[in-house]
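Read the structure below first, then the notes.
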Protein chains: 2
Amino acid sequence: MAVAFGAQPVTAPGWTGRPKTDLALIDCDIHQSAKNPEVLLPYLPRVYQEQVKDQGLRMPGSGYFNVPKRAARTDLPTTPAGVNPGCDADHHDFTKLGDNYEALREAHLDPWNVGKALLTGNTTYGASVIPDPDFAAALCRAFNDWTLEHWAARDDRFIVGLSVSASDPQRAVEEIERLGEHPQVKAVVLGTGARLPYGNRYYHPIWRACAERGLPLVVHPGAEGSGMAGAPTGVGYPTYYIETRMARPQMAMAHAVSFIAEGVFEKYPTLKVLFDECDQFWAVGLMWHMDADWKSLREQTPWVKRLPSEYFVDHIRVGSQPMLEPENDEQFFMMLDAMHAEKTLVYSSDWPHWDWDDPATTFPKLPERLHKRVFAENARELFGL
Amino acid sequence: MAVAFGAQPVTAPGWTGRPKTDLALIDCDIHQSAKNPEVLLPYLPRVYQEQVKDQGLRMPGSGYFNVPKRAARTDLPTTPAGVNPGCDADHHDFTKLGDNYEALREAHLDPWNVGKALLTGNTTYGASVIPDPDFAAALCRAFNDWTLEHWAARDDRFIVGLSVSASDPQRAVEEIERLGEHPQVKAVVLGTGARLPYGNRYYHPIWRACAERGLPLVVHPGAEGSGMAGAPTGVGYPTYYIETRMARPQMAMAHAVSFIAEGVFEKYPTLKVLFDECDQFWAVGLMWHMDADWKSLREQTPWVKRLPSEYFVDHIRVGSQPMLEPENDEQFFMMLDAMHAEKTLVYSSDWPHWDWDDPATTFPKLPERLHKRVFAENARELFGL
């Protein structure tokens, strides 16, 4: 095996430098991408093949500058194939798809003993906020077929989050019915960017389809402030990319509150929701605030029968990337305790994005039991593995 | 003096039952209201008098049900005049304005030894998001004149936050120039509801006018999701009132990030901003997240020269109402520590709203120094008293 460079981080507060050999990690956020539209053509109906050839995937952009694609984390050497997995640029190039997988395997899956890795996509995060719901559904379908054939089939460590579009819930249900029984399909993925908070009854058919099959919903940043999604904050469009990153926890809060206030978890008691890449500690203040207000206002939402924090801890999970960095370990552990991390937190790497977190650098050294919960058991329960 | 019923709370985790005789409190959020349009008529130009007589103040409503106006906190007896100050209904009635002040004085200002109380208004919170900017400015002007004459003039404990409309920054500047030197005017107030995050350069003339006079900006919930403000979350309009309350910290986060990312505190180093009634602990995760991202992304906002948390601690203040309720005191104190409460937190009562916080029930027993910072010194520095 080539040098496992993911195991050689430059900064590593809790780093041991060695994976735990007795624990197969579960990584809840790995991105496979098909940004080159051509790869999806074989999976699309003729009418959309023609449209894509003519005008591309039409995924709406937000206009915010992300990070320089030609830059990369300096602690990540290039792979044997010359592709830097810390740089998003690699998987823009169809010809390097194979290398992309090889880099993932050599740098992350093998050396860190990753037993299961959730493919969350990203090519179709904007599907829900492009105007044509049939085209959006067709793109998701094509992306899912491509994912199963080109990713899931080549490594049984991969589990798949189905891409669906929320712009027609019935179409989303049909896709879950079509592929939800595939042995590697273990979740359904939507972007944070939305026209309505996800607790709204508009979406309930999708949640029912998820709940019936034990598929959790994964909400991942994508398309916020783009297309028909509207402004990515409650006070309009910010100016800079860093502001859009700070808006992610705000959107996670809005969706989480909506799920709870609309009684979704009473209606679908087996439904679970994972917020990936929205940071973590928003969960703490939100639970405290919701609980206090529920005591005064619960007559307005009588279907919310328990403390909101109880629904949160039972039904909502939060991904570890980007893991916030408290000023000291005492604060870190207090926050983990306050968010009930032993139930709510799962490890997510966000591979191969520039700010991905390898398992060694994500946390200070966790107590053994919490380590197992965060790196494996919470996710195993979430995905029914 | 009549019975000081505010001093007899039913639940009081840190309650002493007695005010500190050696510490005059500063309360950063007291609401005076002129919801009956008639009281403002004498202060309006003729054209707007006619419009208001014809169609009222035209403050946009959000359509969310708040709380039953006829309900009230059961631990608050009625005042001698028969008005329950825990119920918003009283100050809808012009004829009871006098009683409203008396209730405030007897229940809150006198017994709790409140030395200064910031009048933050609320009648005009929606001014910034109604279409006509000249009408909006005229309403704010009238409300300020009414406030100075009917509230500030009758009790020198009152300090005043000027109402302005952000829908024409030049008009807002003119109002600050007109009344900013009044000895009781100590702040400028805007609602959280906005068409653009408050760091945007569109608003900078207002911030310059504030900074030049040492007047902090107070951002208070109001008009979010109403009129031209757009959706109150980054994912659209929620369904229930409790969700709009949870959206307040989200909006505070978006505005705070915007101020920092746009370099407002570098441009106007004397500007301070107080977020009232948006809860508190959002500040913790936000500072950690901003600091981490700034290290990676600061090339995109080179005017942000220091760690974002340093701007936060130096320039942003957070009101204590509604004070979040951690699961235990250890968490409470750690959160206060993590948000740097000794600099950032000020006491706000939100009188006379149904969920107002008297000083005794707001906190567990604070250490002497922190008690002084939160209940008096932070606000004294903020308002230059």
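Here are a few things to note about the model shown:
- Label point of A:His204 (7 Å along Cα→beta-carbon): distances to the other copies' equivalent points are 5.0 nm, sorted ascending.
- Summing +1 for each Lys or Arg and -1 for each Asp or Glu among the other residues whose beta-carbon sits under 11 angstrom from that of A:Lys305 gives 0.
- Of B:Lys267/B:Lys305; A:Lys305/A:Lys372; A:Lys295/B:Lys272; B:Lys186/B:Lys365; A:Lys267/A:Lys305, pairs whose Cα-Cα distance is over 23 Å: A:Lys305/A:Lys372; A:Lys295/B:Lys272; B:Lys186/B:Lys365
- Amide H contacts under 5 Å for B:Trp351, placed H, 5+ residues apart: B:His31, B:Asp357
- Put simply, the amide H of B:Ala187, placed in the peptide plane, has neighbours under 5 Å in B:Val160, B:Leu162, leaving out anything fewer than 5 places away on its chain.
- Gyration tensor verdict on the stretch B:266-318 (Cα atoms; rounded if a/c is under 1.5, prolate if a/b is larger than b/c, oblate otherwise): oblate
- Charges were assigned to the Cβ only: +1 to each Lys and Arg, -1 to each Asp and Glu. The resulting dipole of the stretch A:296-385 about its Cα centre is roughly 520 debye.
- Its DSSP H runs of at least 4 residues, each contributing -39,500 (n - 2.57), put the calculated 222 nm mean residue ellipticity of chain A at -10000 deg cm²/dmol, to the nearest 500.
- Computed FRET value (nearest 0.05) for B:Arg380 with A:Glu174, which takes r as the C-beta separation and R₀ as 41 Å: 0.05
- FRET efficiency, B:Thr270 to B:Tyr202 (Cβ-Cβ, R0 25 Å, nearest 0.05): 0.75
- The accessible-area ordering, largest first, of the residues A:Asp134, B:Asp279, B:Asp54 stands as B:Asp54, A:Asp134, B:Asp279, per a 1.4 angstrom probe.
- Each chain gives up part of its surface: A and B jointly bury about 5400 Å² of accessible area, both sides summed, for a 1.4 Å probe.
- Spatial extent of the stretch A:210-348: Rg and Dmax, with the Cα atoms as the point set, Å: 15.4, 43
- Evaluated with a Cβ-only charge set (Lys, Arg +1; Asp, Glu -1), the protein assembly as shown carries a dipole of roughly 400 debye about its Cα centre, given to the nearest 20.
- Taking B:Phe143, B:Phe65, B:Phe158 in turn, the Gaussian network model of chain B (Cα-Cα springs below 10 Å) assigns the largest fluctuation to B:Phe65.
- Between the stretch B:155-187 and the stretch A:283-297, the Cα center-to-center distance that results, in Å: 34 Å
- Charging the Cβ of each Asp and Glu at -1 and of each Lys and Arg at +1, and nothing else, the dipole of chain B about its Cα centre rounds to 520 debye.
- Toward the positive end of the charge dipole of chain B, with +1 on the Cβ of Lys and Arg and -1 on the Cβ of Asp and Glu, the farthest Cα among B:Ile260, B:Phe281, B:Pro221 is that of B:Ile260.
- For the rotational copy pair B/A, the chain B residue whose Cβ lies nearest the symmetry axis, together with its distance in Å, is B:Gln250, 2.
- The stretch A:105-250: C-alpha gyration tensor shape, a/c 1.5 cut-off, then a/b vs b/c: oblate
- Cut-off 11 Å, label 7 Å out along Cα→Cβ of A:Asn328, residues of the stretch B:321-335 by amide N: none
- Amide H contacts under 5 Å for A:Val114, placed H, 5+ residues apart: A:Leu25
- For chain A, a Gaussian network of Cα nodes joined below 10 Å ranks A:Arg369, A:Arg298, A:Arg157 by mean-square fluctuation, and the top entry is A:Arg369.
- Total formal charge among the other residues, if their Cβ is under 15 angstrom from that of B:Asp291, Lys/Arg +1 and Asp/Glu -1: -3
- Sequence-distant aspartates and glutamates (8 or more away, or on other chains) whose Cα lies within less than 13 Å of B:Lys116: B:Asp27, B:Asp29, B:Asp155, B:Asp156, B:Glu377, B:Glu381
- The slack between A:Arg369 and A:Arg298, meaning 0.36 nm per residue of separation minus the straight C-alpha distance, is 22.0 nm.
- Debye equation applied to the C-alpha atoms of the stretch B:154-213, log10 I(q)/I(0) at 0.22, 0.24, 0.29, 0.30 Å⁻¹: -0.86, -0.99, -1.31, -1.37
- Each other copy holds its own label point for B:Asp314; taking that point as 7 Å from Cα along Cα to Cβ, the gaps run 4.8 nm, nearest first.
- Per-residue mean of foreign Cβ neighbours for A:59-67 is 1 (Cβ atoms of other chains, 10 Å radius).
- Calculated label separations, B:Arg369, copies of the chain, 7 Å along the beta-carbon direction, nm: 3.6
- Most mobile of A:Asn66, A:Asn144, A:Asn328 in a GNM of chain A (Cα contacts under 10 Å): A:Asn328
- Per DSSP, loop GluC sites (Glu not before Pro) in the stretch B:154-244 with at most 14 further Cβ within 10 Å: B:Glu181
- Listed values for the stretch B:368-385 are Karplus-derived 3J(HN,Hα) couplings in whole Hz (6.51 cos²θ - 1.76 cosθ + 1.60, θ = phi - 60°), namely 3, 5, 5, 3, 5, 4, 6, 8, 8, 5, 4, 6, 4, 5, 4, 8, x, 8, and x replaces Gly and Pro.
The values are calculated or read from the model by the stated rules, or taken from the named source; none is laboratory data. Treat the numbers as computed from the prediction; the structure is a model and nothing was measured. Please note: Cβ atoms are built from the backbone with ideal geometry, for glycine as well, and neighbour counts cover all protein chains shown. Ligands, DNA and RNA are excluded from the accessible area calculation, which covers all protein heavy atoms including side chains. Shrake-Rupley method; radii C 1.70, N 1.55, O 1.52, S 1.80 Å.
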